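> Take this structure first; my questions come after.
The values are calculated or read from the model by the stated rules, or taken from the named source; none is laboratory data. Remember, it's a predicted structure, so these values are computed and weren't measured experimentally. Positions of Cβ are generated from backbone atoms using ideal geometry, with glycine treated the same way; all protein chains shown enter the neighbour counts.
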Amino acid sequence: MEEKIKVGVSSCLLGNQVRYDGGHKRDRYITDVLAGYFQFIPVCPEVECGLPVPRETMHLSGNPEVPRLITTKSGIDHTEKMQQFCNNKASILRQENLCAFIFKKDSPSSGLHRVKVYGRSGQAQKKGRGLFAAAVVNHFPLLPVEEEGRLHDATLRENFIERIYCYNRWLLFTENSPDYKKLIQFHRQHKLQLMAHSPKHLSAMGKLVAAGKNMATDKLLEQYQLYLMEAMALKATTKKNINVLYHIMGHFKNFLTGDEKAELLEIIENYNRSIVPLVVPLTLISHYVRKYDISYLQDQAYLEPHPAELMLRNHV
Ligand code: SF4
């Protein structure tokens, strides 16, 4: 059986009763859908750094760039305790080969974006990041990270999960004695996917791969993975997808009958007008790729970037 991709997750999102009040924040999309595809590695930084359940609430305080973690009533500073835990936990998580992390929003320990940081006046600015979330981002800068709340947005969800699968393919590639020839193959398989996310990165990566013959392999791979994950973090918009769809059409325009061409053009236009989701033109394209046996397109990651059952391309 294929091993499931490992994803770190804030423990309370799985339904574990680790919150300050003894409760949880189970997220059904994570536990009922994503759990079928990923092996979750739960982390509750507050409990794992030694705080009890239940416990006093905490918030971030001071400079939003380097906030302190303070209990709200008694004013106890848990910053050092949490930072020490974060450093130890980062070494443990490194062994896990995580492909992503899903954080609980708004938490002074686990929140990734716009966490409240209180100033001396008692006013809060939504400019902080939870201490554990910040440590994960610092230790694993390429790792796809997201908050559970944002996964309820269809476009953000699609982008995040696509990044997870892409990162997993990259890690598998790097574990399998990577060399220049294999990188050319990896790059070829990801061209259309990169084009859908960032034509600018695709062009830079093409130049890098071309120049890579004369580079040390580790330097080449290091630069390539930076470009890869930077590109994948950019959203594949309708306009960029349309560009890819027309590019794909160019590969089999000589094979299609007049009727087939007209039908495909009409469906691409319907996608452009948000009448049908991306999965519709891509289903027809996959059919033609099989029917006409277009080998260049057969192994493009763009046509199957993640399991179809997740239905990530079914939104308009
Ligand atoms: S948000 Fe983070 S620290 Fe708070 S209960 Fe959930 S996992 Fe623990």
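> Just to be sure I understand, how many residues within the stretch 69-105 are within 16 Å of the ligand (Cβ to nearest atom), basic (K, R) and farther than 30 Å from E162 by Cβ?
Counting residues in the stretch 69-105 that are within 16 Å of the ligand (Cβ to nearest atom), basic (K, R) and farther than 30 Å from E162 by Cβ gives 1.
> Would you be able to tell me the number of residues in the stretch 290-315 that are within 20 Å of the chain's Cα centre (by Cα) and part of a loop (DSSP other than H, G, I, E, B)?
Result for the stretch 290-315: 10.
> Report, by residue number, each residue of the stretch 280-303 that is farther than 15 Å from L256 by Cβ and touching a residue at least 12 places away in the same chain (Cβ under 8 Å).
First pass over the stretch 280-303, keeping only residues farther than 15 Å from L256 by Cβ: 280, 282-283, 295-296, 298-303.
Within the stretch 280-303, V280, L282, Y296, D299, Q300, A301, Y302, L303 qualify.
> Only one of (1) assigned to a helix (DSSP H, G or I); (2) within 16 Å of the chain's Cα centre (by Cα); (3) buried (at least 16 other Cβ atoms within 10 Å of the Cβ); (4) not polar (S, T, N, Q) fails for V209. Which number is that?
Going through the list (1) assigned to a helix (DSSP H, G or I); (2) within 16 Å of the chain's Cα centre (by Cα); (3) buried (at least 16 other Cβ atoms within 10 Å of the Cβ); (4) not polar (S, T, N, Q), V209 breaks only (2).
> Can I ask one more? Whether any residue in the stretch 3-13 is among the aliphatic types (A, V, I, L, M) and within 9 Å of the ligand (Cβ to nearest atom) is what I want to check.
Yes - at least one qualifying residue is present in the stretch 3-13.
> When you scan the stretch 169-180, how many residues do you find that are surrounded by fewer than 21 Cβ atoms within 10 Å (Cβ to Cβ) and part of a helix (DSSP H, G or I)?
Residues of the stretch 169-180 surrounded by fewer than 21 Cβ atoms within 10 Å (Cβ to Cβ): 169, 171-180.
Remaining after also requiring part of a helix (DSSP H, G or I): 169, 171-175, 180.
The total comes to 7.
> May I pose another question? List every residue pair whose Cβ atoms sit under 8 Å apart, with the two residues 6 or more apart in sequence or on different chains, where the first one lies in the stretch 43-64 and is within 11 Å of the ligand (Cβ to nearest atom) and of a type outside the set (D, E, K, R) and the second, anywhere, is in a strand (DSSP E or B) and modelled with pLDDT of 95 or more.
What qualifies is V43/G8; V43/V9; V43/S10; C44/S10; T57/T71; M58/L69; M58/I70; M58/T71.
Table: residues versus (1) surrounded by fewer than 15 Cβ atoms within 10 Å (Cβ to Cβ); (2) within 25 Å of G15 (Cβ to Cβ); (3) hydrophobic (A, V, I, L, M, F, W, C).
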{"site": "V115", "(1), (2), (3)": "no, yes, yes"}
{"site": "Q123", "(1), (2), (3)": "yes, no, no"}
{"site": "R129", "(1), (2), (3)": "no, yes, no"}
{"site": "L142", "(1), (2), (3)": "no, no, yes"}
{"site": "G149", "(1), (2), (3)": "no, yes, no"}
{"site": "L156", "(1), (2), (3)": "no, yes, yes"}
{"site": "I161", "(1), (2), (3)": "no, yes, yes"}
{"site": "I164", "(1), (2), (3)": "no, yes, yes"}
